[in-house]
Amino acid sequence: MLDIKITKTTAPKAKPADESKLGFGKISTDHMFLMDYTLGKGWHDPRIVPYAPFELDPACVIFHYAQELFEGLKAYRTADNKIQLFRPECNGKRMQDSSERMCIPTIPVDDFVQAVAALVEVEKDWVPHSEGSSLYIRPFVFATDVGMGVHASHHYTFCIICFPSGAYYAEGIDPVRIYVEDEYIRAAPGLTGFTKCGGNYAGSLLAGEKAAQKGFAQVLWLDGIEKKYVEEVGAMNIMFKIDGKVYTAACEGTVLPGVTRRSIIELLRDWGYEVIEGKLAIQTIMEAGHTGKLEEVFGTGTAAVVSPVKELVWKDDSVTISGGKIGPVTQKLYDTLTGIQWGKVEDTKGWIVPVCEG
Ligand SMILES: *Cc1c(COP(=O)(O)O)cnc(C)c1O
C-alpha cells in the first residue's frame, strides 16, 4: 500500500460547461499523481499535487535517449453515479512488462491501481456525465538522470494525469479506410513493439502522415521481416472475421498486448467463436475479401473500443468490407464492452474496479 500524500489545489479550474466540445486529451484536470525513484531507495514520495509543468534540466536523459513508457485507460461514470475503472490491473501488469524491456524499475501492480484510483477519486467531479464520455487516464514514467552518457537512468518520475474526454463516436460509429503500409515497419522481433514506449510512436508518425494525405484514417502494419503478415493498426490491435472465425496477430514481442484485444477475445470465445491468434498473411485477407469470405474487420483499443474497417488498400489492391457498414459481431462487441464499462451490462467477468460514488 502506498501512503499517498494529497495536496489539493487552491485554484480549481472551471469544469467545461459544454461536454460535447471536450474532444480527446485537450483539457487536463486539477491534479496529478507523482512518485519518484532513486537507485538504492526505490520508489518513494507518492503524492497527489496540483497539476503543474515540470522543471527539468536540458541534459535530462528523457530528452535525449527516450527512456520512458506510458499507459492509457479510462474511468467511467455509471447511470447511478458510480465512478469505475476497467481492468486497471492489466495496465499495471503491462507497464511492468514494458518497464523490464526499457530498464525502468517496475511498480507493483497494486500500487499502480491504488495510485490511479486515488487520483480519480480526487478528480471525480471531472469524470464527465454525457453518453459515451469518460475520464482518460495517462500514467507515464520517464528517466530523470542528468548527463550525456548513455545508460539506464538511476532516477525516474512516475506521473499520472487525466483528461475529461468526449464520446469517441459523437456522430455515430463511422467505419474507416485503412492503408496497408508496405515500406515502413513499426516493430521487429527483439525490438520494443510490445511496449507502450513513446519511441514506437515517434517512428510511426511518418507512415501515418503519408496515409492521412491519401485520405486514410490509419495504417495497418505488416511484420518487420517479410512484410507479409498483419500485426496491428496505429494505436489499435486488429481482428479479421473470415468465414466465421476470428483471426488476430499473436502477442509475441512485436504486437502491443491490448487490454481491449484480450477482453474481446474472451467475449468471442464465450460466445462460441473460434479465435485464432497467429500469423495471418495480408495476401490471404485480400483474397478472402475478393471471394466474399472477409466478413468483418475491426480495430480494438481503449479510446474507440472497436473501430470498424470499411476498406483495406494494399499496393494496387483494395477490398470493401461489410458493405462499408459496421458488421453484426463488431456491433455486438461494442455494445457489450461499452455496456460493461458504463455499468449498463452486468459485469460477470470481474473486469470492473469501483473507485467511489460520483
Ligand atoms: C495502446 C495500444 C493498443 C491498444 O491497447 P488497449 O490496452 O486495448 O488500449 C494497441 N496497439 C498499440 C500500438 C497501442 O499503443
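Taking the Cβ of Val345 as the centre, find all other residues whose Cβ is under 12 Å away and add up their charges (Lys, Arg: +1; Asp, Glu: -1).
Summing Lys/Arg as +1 and Asp/Glu as -1 gives 0.
Which of rounded, prolate or oblate describes region 149-239 when judged by the alpha-carbon gyration tensor and an a/c cut-off of 1.5?
oblate
Within the set Lys93/Lys241; Lys15/Lys210; Lys227/Lys349, which residue pairs have Cα atoms separated by over 32 Å?
Flagged as over cut-off: Lys15/Lys210; Lys227/Lys349.
Would you grab the residues whose amide H sits under 5 Å from the one on Lys82? Only those 5+ places off in sequence or on another chain, please, with H modelled 1.01 Å from N.
Those qualifying (amide H under 5 Å, at least 5 residues apart or on another chain) are Gly358.
Looking only at Ala17, Ala118, Ala304, which one moves most when the chain is put into a Gaussian network model with springs between Cα atoms under 10 Å?
So, out of Ala17, Ala118, Ala304, the one fluctuating most is Ala17.
Charges on Cβ only, +1 for Lys and Arg, -1 for Asp and Glu, centred on the Cα centroid of the chain; of Cys251, Tyr334, Gly92, which one is farthest towards the dipole's positive end?
The listed residue farthest towards the positive side: Tyr334.
Report the label-to-label distance for His154 and Asp125 in nanometres (one decimal), using points 7 Å from each Cα along the Cα→Cβ vector.
For His154 paired with Asp125, the spin-label model returns 4.4 nm.
To the nearest 10 degrees, how steeply does helix 109-122 sit against the main Cα axis of the chain, on a 0 to 90 scale?
The angle comes out at about 80 degrees.
I'm a student and want to see the number: the projected area of the Cα convex hull of region 1-116, averaged over all directions, in nm².
Result: 9.7 nm².
Going by Cα centres, region 13-32 and region 150-169 are how many Å apart?
17
With springs only between Cα atoms under 10 Å, which of Ile27, Ile83, Ile238 fluctuates most in a Gaussian network model of the chain?
Judging by the Gaussian network model, the answer is Ile27.
I need two numbers for region 184-230: Rg to one decimal and Dmax as a whole number, Cα atoms only, in Å.
11.1, 33
Return one number: the angle in degrees, 0 to 90 and rounded to the nearest 10, between the long axis of the Cα atoms of helix 259-270 and the longest principal axis of the Cα atoms of the chain.
Computed tilt is about 50 degrees.
Hey, can you grab everything whose amide H is under 5 Å from the amide H of Leu220? Only 5+ residues off in sequence or another chain; H modelled, so Pro and N-termini drop out.
The answer is Tyr179, Val180, Glu181.
What is the calculated FRET efficiency for Phe54 to His290, with r their C-beta to C-beta distance and R₀ = 41 Å, to the nearest 0.05?
After rounding to 0.05, the efficiency reads 0.20.
Using only Cα atoms, what Kirkwood radius does the chain have, in angstroms?
About 21.4 Å, per the Kirkwood formula over Cα pairs.
Connecting C-alpha atoms closer than 10 Å in a GNM of the chain, tell me which of Thr29, Thr291, Thr144 has the biggest fluctuation.
Result for the chain, Cα springs under 10 Å: Thr291 fluctuates most.
On a full-extension model of 0.36 nm per residue, what is the gain between Thr38 and Val146, subtracting their alpha-carbon distance, rounded to one decimal in nm?
Result for the pair: 37.6 nm of gain on full extension.
Using alpha carbon centroids, what distance separates region 45-97 and region 268-304, in Å?
Rounded to whole Å, the Cα centres lie 31 Å apart.
For Glu226 and Val353, compute 0.36 nm times the residue count separating them, minus their Cα-Cα distance, and round to one decimal in nm.
Working it through step by step, the gained length comes to 41.6 nm.
Could you work out the local net charge near Ser20, counting Lys and Arg as +1, Asp and Glu as -1, over the other residues with Cβ closer than 15 Å to its Cβ?
For residues surrounding Ser20, the net value is -1.
Once phi is turned into ³J(HN,Hα) by the Karplus curve 6.51 cos²θ - 1.76 cosθ + 1.60 with θ = phi - 60°, what whole-Hz value does each residue of region 271-278 show in order, with x for glycine and proline?
7, x, 7, 7, 10, 10, 9, x
To the nearest 20 debye, what charge dipole does the chain have about its Cα centre, counting +1 at the Cβ of each Lys and Arg and -1 at the Cβ of each Asp and Glu?
300
Where a number appears in this text, it was derived from the coordinates with a stated rule and is not lab data. Remember, it's a predicted structure, so these values are computed and weren't measured experimentally. Every residue, glycine as well, gets a Cβ built from its backbone with ideal geometry; the counts of neighbours run over all protein chains shown.
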